[in-house]
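Any read-out appearing in this document is the output of simple, stated calculations on the displayed coordinates, not a laboratory observation. These numbers were taken from a predicted model, which means no experiment stands behind them. Here the Cβ is made from the backbone with ideal geometry for all residues, glycine too, and neighbour counts use every protein chain on show.
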Amino acid sequence: MILGFLKFIHVVFGLIGIGSGIIVLLGALITGELLRKWAGIFLKCALATSVTGLLFPSGHLLLTHRAATLAIYAAALAVLAWRKFQLAGVWSLVFALSVICILGLNIFVAILHAFTFIPVLRALAPTQSESPFRVTEIAVALPFVALGIFAIKRFHDRPPRSL
């Protein structure tokens, strides 16, 4: 029962985190404006998703555990850049790249779970080393690499305006 509730909370935080992360990313990268309310929701939900993901019992360290740990570190960097350094100087770039990293990791883990728990997808890639899974990984990773390059160009010398 507790594990079922933990899974529910994990999924809810994950979905809210991904949705709000897309809003933050589009707001910052496209318009150059940091949507503070959405950024707060995103960072809180992304952190909650990663922490709850680490609470699931496992006999060994999984790829999802590594992604969650990396997302926690990236969230710490984003909070530091935003709250402590007010996105000044290089910290605007640190914030933007952290948001991209966190969102990308959360989407990667969601895809990993989809291929694990959705029967149709599991049939296509039962060991997650088959081409449907690899193609999906690449198709999702490429836009995040492009967003990272765009963020480097956009925020290397100026922070997003804060709303």
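I'd like to check something: does the stretch 31-47 contain any residue that is over 18 Å from the mean Cα position of the chain (by Cα) and on the phi < 0 side of the Ramachandran plot?
Looking only at the stretch 31-47, we keep the residues that are over 18 Å from the mean Cα position of the chain (by Cα), and these are 31-33.
Keeping just the survivors that are on the phi < 0 side of the Ramachandran plot gives 31, 33.
So far as the stretch 31-47 goes, yes, one or more of its residues are over 18 Å from the mean Cα position of the chain (by Cα) and on the phi < 0 side of the Ramachandran plot.
Give the stretch 30-43 a look and list any residue that's assigned to a helix (DSSP H, G or I) and crowded, with 19+ Cβ neighbours inside 10 Å, or say none. It would help to see each step written out before you state the result.
Of the residues in the stretch 30-43, the ones assigned to a helix (DSSP H, G or I) are 30-31, 36-43.
Trp38, Ala39, Phe42, Leu43, listed by residue number.
In the stretch 66-100, what residues are of a type outside the set (A, V, I, L, M, F, W, C) and in contact with a Phe, Trp or Tyr (Cβ under 7 Å, 6 or more places away or on another chain)?
So the first thing to find is which residues in the stretch 66-100 are of a type outside the set (A, V, I, L, M, F, W, C), and the list is 66, 69, 73, 83-84, 86, 89, 92, 98.
Selection gives Ser92 alone.
Could you name every one of the helices (runs of 4 or more DSSP H) located completely within the stretch 44-148 that has at least 3 residues being among the aliphatic types (A, V, I, L, M) and either over 24 Å from Leu26 (Cβ atoms) or touching a strand residue (DSSP E or B) at 6+ places or on another chain (Cβ under 7 Å) (or both)? Write out each step before concluding.
Working: elements: 63-79, 91-117, 119-124.
Because the criterion is at least 3 residues that are among the aliphatic types (A, V, I, L, M) and either over 24 Å from Leu26 (Cβ atoms) or touching a strand residue (DSSP E or B) at 6+ places or on another chain (Cβ under 7 Å) (or both), the helices (runs of 4 or more DSSP H) in the stretch 44-148 that meet it are 119-124.
Pairs please, first residue from the stretch 106-119 and free of Cβ contacts under 8 Å to residues at least 40 places away in the same chain and closer than 16 Å to Val12 by Cα, second anywhere and among the hydroxyl-bearing types (Ser, Thr, Tyr) and surrounded by 16 or more Cβ atoms within 10 Å (Cβ to Cβ), Cβ atoms under 9 Å, 6+ apart in sequence or on different chains.
Ile111/Thr136; Ala114/Thr136
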